[in-house]
1. Where does region 278-363 land on Rg(C-alpha)/(2.2 N^0.38 Å)?
2. Can you tell me the alpha carbon radius of gyration of region 229-305 divided by the globular rule-of-thumb value 2.2 N^0.38 Å?
3. Too long at a 23 Å Cα-Cα cut-off: which of Lys113/Lys185; Lys73/Lys185; Lys171/Lys290; Lys11/Lys69; Lys73/Lys104?
4. Can you give the three extents of the C-alpha atoms in region 32-88 along their principal axes, from longest to shortest, in whole Å?
5. For q values of 0.09, 0.21, 0.23 Å⁻¹, compute log₁₀ I(q)/I(0) with the Debye formula on a Cα-only model of region 51-161, without solvent.
6. When the Cα atoms of region 132-284 are enclosed in a convex hull and the volume is divided per residue, what value in Å³ results?
7. How far apart, in nanometres, would the label points at Ser324 and Asp83 be if each is projected 7 angstrom from Cα along the Cα-to-Cβ direction?
8. Compute the whole-percent fraction of alpha carbon pairs in the chain spaced more than 39 Å apart.
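What follows is calculated from the coordinates using simple rules that are stated; it is not laboratory data. These numbers were taken from a predicted model, which means no experiment stands behind them. Cβ sites come from the backbone with ideal geometry, for glycine too, and all protein chains shown count toward neighbours.
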Amino acid sequence: MPKIRFASVEKSYGSTQVLPPFDLEFDDGEFTVLVGPSGCGKSTTLRMLAGLEDLSGGEIWFDDKPISKLEPKDRDIAMVFQDYALYPHMNIAKNMSFALRLQKVPKKIIDQKVNRVAEMLGIEQLLSRKPGELSGGQRQRVAMGRALVRDASTFLFDEPLSNLDAKLRGKMRTELAEMRNTLDKNMVYVTHDQVEAMTLGDRIVVMAYGLVQQEGTAEQLFKSPANKFVAGFIGSPTMNFLDAELIESNGSLVAQGEGFSLALPASLNESLKLASSRQVTIGIRPSCFKLVSESSPKDSQITLLVKVSEYLGAQSILVTRCGSHDLLVEMESSSPVEDGCTMTFYVLPEDIMVFDKESELRF
């Protein structure tokens, strides 16, 4: 399997630059997920890799071989599309074997490969049916099976689960994770769903505004986001952000804003004291709010008005009010929390992230 490398690759449509020059690498045998909101350039990146979009500049390398001038059929790549792209007049066996039949592969070998992949995906009983007779989940399995039958060195997935309902999407995500563990192949997966990204990817590349914002493991992106965008995009429920002013109190720094005053991590003292502005943005994940007790630190408490309580059984998601801001709180609860009540929480200093208000980079 080749190591894939994007070197100063860019994409423009006329005078509109969609992707400024960027570098990116996909390691041999790695499951890499490109994640970001609609319009961030992730699908365009995938399509350039597949040969379905021309590059406006730069080069894509497979090991030491440039591939940007190669036709899609010559790149040893198999792709699974969002809309399945199955031939409606062919049965499932013929859909899955289409590329092999074009390559004049012997029928016996084709049958062996189709049957092996169909058994792996649990669709062996569907081989004689047409796509119109299948459910969305079954059609998605067939689309993946068609790619797997080719036994290519690299598999590309362009939002393959986005057309499925939530329950089926969760089931297919599990199957994809199992498939990833059994196939030693390069896999590049595009999605806007950060849950898919975090559960599937060996490495996640977060994109926004046509730029790579950060790349790393799910844990690295969750615990050490490079900027406010990554912090807000990775994690569910999403991170809370509050504008604050840096105040020095007893030799330590405090974030003070409308309806709150919270101690900040001592580890940030030096970098924050050198900050060009006293105005910052703090980020707090919903799960970091803890109900106060007698031992709770006084300089880390915040009182919130519960606007809406969503009881989920073992936990509740609270939509609360702090000054003029809404904050999400995720807490364990054996019974529903009453709407309209006031609750006091504490947030440990080390659970607070601080971002530059202008650049949005994390301190």
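1. 1.16
2. Taking N as the residue count of region 229-305, the ratio is 1.16.
3. Lys171/Lys290
4. Result, largest extent first: 35, 30, 21 Å.
5. Debye output, listed in q order: -0.26, -1.13, -1.28.
6. 161 Å³
7. With each label placed 7 Å out from Cα toward Cβ, I get 4.5 nm.
8. 31 percent
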